[in-house]
Each structure stands twice: as C-alpha cells, then as structure tokens.
1. Which residue out of P214, P291, P269, P204 is surrounded by fewer than 23 Cβ atoms within 10 Å (Cβ to Cβ), closer than 23 Å to E144 by Cβ and of a type outside the set (S, T, Y)?
2. Among the residues in the range 294-312, are any over 30 Å from S211 (Cβ atoms), among the charged types (D, E, K, R) and not in a loop (DSSP other than H, G, I, E, B)?
3. Do we have G230 as touching a Phe, Trp or Tyr at 6+ places or on another chain (Cβ under 7 Å) and within 20 Å of I71 (Cβ to Cβ) here?
4. For the range 5-14, check the following and say yes or no: at least one residue is under 20 Å from the mean Cα position of the chain (by Cα), assigned to a helix (DSSP H, G or I), within 18 Å of L233 (Cα to Cα) and at pLDDT below 50.
5. Can you go through D98, D67 and tell me which one is among the charged types (D, E, K, R) and crowded, with 19+ Cβ neighbours inside 10 Å?
6. Return the total of residues in the range 313-340 being surrounded by fewer than 16 Cβ atoms within 10 Å (Cβ to Cβ) and in a loop (DSSP other than H, G, I, E, B).
7. Against the conditions (1) farther than 30 Å from I125 by Cα; (2) out of contact with any Lys or Arg (no Cβ under 9 Å at 6 or more places or on another chain); (3) of a type in the set (A, V, I, L, M), where does M199 fall short? Just the number, please.
8. Considering the range 72-118 alone, what residues qualify as being touching a residue at least 24 places away in the same chain (Cβ under 8 Å), farther than 21 Å from S245 by Cα and among the charged types (D, E, K, R)?
Amino acid sequence: MFQNRKYLTPFVFLFTCFTCLVIFIGQLDIQPGYTQTTKVLKSSPDTVVWGYFSADVTPVLTVASGDVVRIDTVSLAGVPPGAEPVAFFEQHGFAEKDVLPEMTSVQFEEEKIPNMGPHVITGPIYIEGAEPGDMLEVRVLDIELRTPYGTNLTRPGFGVLPDLLPEPTMRVIPFDDDKTTALFAEGINVPLDPFMGIMAVAPPKEEGMVSSVPPAKWGGNIDLKELRKGSTLYLPVLAKGALFSTGDGHAAQGDGEVNLTAVEVSSTPTFQFILHKGAGTDMTGPFVETPTHYIPMGLHTDLDEALKLAVHETIDFLGREKGLNVEDAYSLSSIGVDYEVAEAVDRTLIIHAMVPKSLFDTNRPYWADNL
C-alpha cells in the first residue's frame, strides 16, 4: 500500500518558536468540556493501524472543531505474535469475558508492517478545516480503563538497563474492582493514574510512513504521565485534516518508563478537539498545559541534551509569557522549576519542565480549573 516508506530516525527538536504558541494560547476562548454532542469511535481492524503514522491513511471519522469524541483503543502489549488473546489471558487467570473481542480480531486481521512500532493506534480522525499551519488543541476530558488488568514487559536490549535481563519478561497485573489500584504483588499496590501514551497528528505527507516509537514534532509516543484527565495537548497541524490518532493506553507509569513499558492497557479516552487557524505556523513541537503547570519539553537522543533543550524552552516561555529577561528566567528555572524525565526508552528521549502556575500572582483562565 505504501511504496515509498520513510522510516523515522532520532533527531533533535529545539522548540525555538515556542513563543508564538505561548502568545496565541493566552488569547484562547475558554470552551466548556461537554457542550457538543459526543461522537464515538470504536476500535476494530477497520479503525486502527499497527505501529505507524502517515498522512496517507484514510480517515475513519470526520469531526468539526469543538466536537467531543469518545475513542476506544486496544492494547496487545505482551501478547506474543500469533497468540490467541483469550487463551493467553486465561493462562494468567482471566476469563474470556475479560478479553475485548477486538483484541482477537486486531491480532489476526490487522497488518503489522515490518520495522514499524508495536502500538495499536485508533484513527485517524479528520478535523474539518484543518490545514498545515494551524494548531490543534486536544483537551483530555476523561480516560476510562476497558479491562480489569494491564501488562508490563521487558525485552533484552531495550529499556534504561538493556543488559540487565537475559530473557524477555511479561507480567499481567490485575486491578482492584474499582480500577483505582494495580495489585502488583502481595503487599504492593500501585495507584492507577491513566493517560494515553500516544496522542498524535499525522506527519507531513512527504515524510511517508513513520514508526510510532520515537516522539516527534507531531507528538506521538510522548509517554508523559501529566497528560491525564484535565490536561491539554497543543500540536501543530502538519497535514490536511490534522489526522489525529491515539493509543498506547497507560494505567500507571513512573517518570522515565525505565524498563520499556508502563502498565499497558486498553483504554477509552474522551477528547475535545479545537482548531486554531494559523496558530501553528511557527510551532515546532508539542506543548502541554494542566490546571497546575505549564510544561515545555526538550526532545533529543541524548538525555543531557534533552535537558538543555528543556531549559531553553523554559527560559523562552518565561520571557514571552511572564516578561522575564534571560537572567531572571534562568534563575527562576533553577529555583522554581522541576525538570523530569517523561520517558528514557523511545529512541528520542524527553525531559519536560514542570513550571508551576502557583509561582505567579496571575495566570490566564484554564478550561479544567474547576474539575
């Protein structure tokens, strides 16, 4: 289907034009979360792709700016290629009713492209009127877990310690009945804090097909746990219709995702899409906002360089948004801002800056302030 595949390689993203995004965000109208009719996108072999992004994929849903969409996603993380999902999870103590039907249909009917990523991704969604140069605002209204368990796996040669384990390992982790806690082991319980590991627009058409593994200008495999309910992701539109897609649901994850995976889970996020014409012209990457923080990012194949880029982005943000000169912004970045590792395992690595809104006497209104 794709004759001229172009595989993504790690590279540097210095968000030098982030200031233009900051100026625009300050002018956004605040829209309530559920004012529009909620549309539903189910996951099936007809509505997912396996492991890649491309502007050539046919959209599976068309929406207007302001629409709310409830999107089913499916995770097959840990299920061996060719294995029957029901039999696999029965071996780990779960009944057939606990296995989503589309886990089986996707496993055996969806094409898995060589050298692409492991993620099952639902979409793309065509945003009416979206063109390159626009900005897509994605509000995370809710995230539901679809199964009573998640998986965590390691593979030799991957993760922060690629030589630690000689063989792959896979753990199926049950949740409590309320789906608020992962029952990791006897006496060890992990609070669930769901988010979507992948949220992306399509890359530019000339990029062709690109792997879902490294995060990039179009978002993708960001693995940023701050993208929970109440957060907002801002992305530059790079192809006609934006072509948004999502997947790689995480029920819980530590910063860094050090062994390669989180608690991987099939999820149903609910998003509101808001298109801002012309606002993405100078954007060179994603930006995140939450009720409590502004979150610039640095992306690089080297974690030290990613930190430098994140600091540059913070200084730029503080200068444009809060009027600080470089000296003052650098000082505040050191004494008031935390720098954290979003993920250190996806080829292109991410350091993100947590800029507390509480540092400032005034901040612009935010749609989720009262959630």
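1. On the way: P214 fails: closer than 23 Å to E144 by Cβ; P269 fails: surrounded by fewer than 23 Cβ atoms within 10 Å (Cβ to Cβ); P204 fails: closer than 23 Å to E144 by Cβ.
After ruling out the rest, the residue left standing is P291.
2. Filtering the range 294-312 for residues over 30 Å from S211 (Cβ atoms) gives none.
So far as the range 294-312 goes, no, none of its residues is over 30 Å from S211 (Cβ atoms), among the charged types (D, E, K, R) and not in a loop (DSSP other than H, G, I, E, B).
3. Values: touching a Phe, Trp or Tyr at 6+ places or on another chain (Cβ under 7 Å): no; within 20 Å of I71 (Cβ to Cβ): yes.
It is false that G230 is touching a Phe, Trp or Tyr at 6+ places or on another chain (Cβ under 7 Å) and within 20 Å of I71 (Cβ to Cβ).
4. In the first step, residues of the range 5-14 are kept if they are under 20 Å from the mean Cα position of the chain (by Cα); the result is 7-14.
Imposing the further condition that a residue be assigned to a helix (DSSP H, G or I) reduces the set to none.
No, that holds for no residue.
5. Values: D98 fails: crowded, with 19+ Cβ neighbours inside 10 Å.
None of the others qualify; the one that does is D67.
6. Counting residues in the range 313-340 that are surrounded by fewer than 16 Cβ atoms within 10 Å (Cβ to Cβ) and in a loop (DSSP other than H, G, I, E, B) gives 3.
7. Just one mismatch for M199, condition (1).
8. Answer for the range 72-118, where residues must be touching a residue at least 24 places away in the same chain (Cβ under 8 Å), farther than 21 Å from S245 by Cα and among the charged types (D, E, K, R): just D98.
The values are calculated or read from the model by the stated rules, or taken from the named source; none is laboratory data. The shown structure was predicted, so the numbers you read here are calculated from the model rather than taken from an experiment. Note that we place each Cβ from the backbone using ideal geometry, even for glycine, and neighbour counts take in every protein chain shown.
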